[in-house]
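Colleague: I have a structure here, written as structure tokens, and I will follow up with some questions on it.
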Amino acid sequence: MKKKYQNGFFIFGLLVLIIMVTQLDFQEVWAGLKHAGYWFFAVIALWGFLYIFNTATWYIIIDSIGGEQGVCRRCKVGFWWLYKITVSAFALNYATPGGLMGGEPYRIMALSPKIGAQRASSSVILFVMTHIYSHFWFWFLSVWLYVLTQKMTTLACILMPIIAIVCMVVIWFFIRGYKKGIAVTGMNIVSHIPYLRRWAQPFVERNREKLAEVDAQIAALHNQNPRTFVAAVVLELLCRLFSTLEIFFILQVIQPDVTIPQCILIYAFTTLFANMLFFMPLQLGGREGGFLMSAEGLSLSARAGIFVALIVRVRELIWTAVGLLLIKLEKKEK
């Protein structure tokens, strides 16, 4: 990637990170960190482990799709180099309003010199699809976990079926996208959006063949490499499950009797609520509100929800800073 693009991503992310840090109450943060003790370091280390799952998903997707003419299929993309790009991409997504607008272009631009722009684009689209797809499976399974382990209130009897139906509809949509591709359809939808159509319509006309080939590569993962497809989805789903250990580690400080099913449900419904506010940088307010509502909904104290939200916010800021630093340390491609 050219140095000017690296600097652009770095400066943008750094500015947003500084803004986010200024919103913190440092006295409250310091008190929370002292109270969390060594469990806070366990939370930080956990996410270094979780990013391995994300990297492994992307790695096997890259290896499974065909290359452009003149580009070898089995490229020499190092796993740990890809890990570094993954951490930086998630850091940009945390800092970007709308989420995927920062990290995914960075992934494509970093990977293109190694395997070609078309294959890089296909791999990133597939990774994002798999990442989102696994989230909806996680939320769908969490509905059943709630029904089996929690007391059903009137509100729960209304909300749980709605969440389950929405998840099923989205899962069906993604399966259809995996089978037939989503690039052409997605760009056609964008070309009808006001303010974007002026750019999108000429782009679709110029790149229709390339978009069709990207769709063919997306469909190939599901249709020709079903084992790879299942492995990618399972890896991302396992990442969601292991992510709940963060809640478990933090609550050991103030509520050690918390159970793993409770932590899964807190994480599931917090991420569901936060993703409804995807347009906010670092999902400010949404994540905190999600922790508070899910904790109270599971008969945990409001203090527990606020404490979890605080520690998670600090963890996100630390890993965002790490990801931005890795962008700056990335060597320029020859």
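The values are calculated or read from the model by the stated rules, or taken from the named source; none is laboratory data. Predicted, not measured: the structure shown is a model, and the values here were computed from it. Virtual Cβ from ideal backbone geometry, glycine too; neighbours counted across all protein chains shown. Note: accessible area is taken over every heavy atom of the protein model, side chains too, but ligands, DNA and RNA are not part of it. Shrake-Rupley method; radii C 1.70, N 1.55, O 1.52, S 1.80 Å.
Colleague: Exactly one of these conditions fails for Val230: (1) crowded, with 18+ Cβ neighbours inside 10 Å; (2) hydrophobic (A, V, I, L, M, F, W, C); (3) under 19 Å from Leu50 (Cα atoms). Give me its number.
Modeller: Val230 satisfies all of (1) crowded, with 18+ Cβ neighbours inside 10 Å; (2) hydrophobic (A, V, I, L, M, F, W, C); (3) under 19 Å from Leu50 (Cα atoms) except (1).
Colleague: Return the only residue of Ile260, Ile218 being closer than 27 Å to Phe53 by Cα and at pLDDT 85 or above. Let's see the steps before the verdict.
Modeller: Values: Ile218 fails: at pLDDT 85 or above.
Unique residue meeting the criteria: Ile260.
Colleague: Among the listed residues Ile165, Ile115, identify the single one that is exposed (fewer than 15 other Cβ atoms within 10 Å of the Cβ) and of a type in the set (A, V, I, L, M).
Modeller: Numbers: Ile115 fails: exposed (fewer than 15 other Cβ atoms within 10 Å of the Cβ).
So the residue among Ile165, Ile115 that is exposed (fewer than 15 other Cβ atoms within 10 Å of the Cβ) and of a type in the set (A, V, I, L, M) is Ile165.
Colleague: Of everything in the range 145-167, what is basic (Lys, Arg) and under 21 Å from His135 (Cβ atoms)? Give them in sequence order. Working first, answer last.
Modeller: First pass over the range 145-167, keeping only residues basic (Lys, Arg): 151.
Hits for the range 145-167: nothing passes.
Colleague: Consider the range 138-162. How many of its residues are open to solvent by 80 Å² or more (accessible area, probe 1.4 Å) and over 15 Å from Cys263 (Cα atoms)?
Modeller: Let us first name the residues in the range 138-162 that are open to solvent by 80 Å² or more (accessible area, probe 1.4 Å), namely 141, 144, 148, 151, 154-155, 158, 162.
Okay, now just the ones that are also over 15 Å from Cys263 (Cα atoms), so 151, 154-155, 158, 162.
Matching residues across the range 138-162 total 5.
Colleague: With Trp172, Trp137 as the choices, which residue is assigned to a helix (DSSP H, G or I) and either within 19 Å of Tyr267 (Cα to Cα) or touching a strand residue (DSSP E or B) at 6+ places or on another chain (Cβ under 7 Å) (or both)? Give the steps one after another, and end with the answer.
Modeller: Numbers: Trp172 fails: either within 19 Å of Tyr267 (Cα to Cα) or touching a strand residue (DSSP E or B) at 6+ places or on another chain (Cβ under 7 Å) (or both).
Going through Trp172, Trp137 in turn, the sole match is Trp137.
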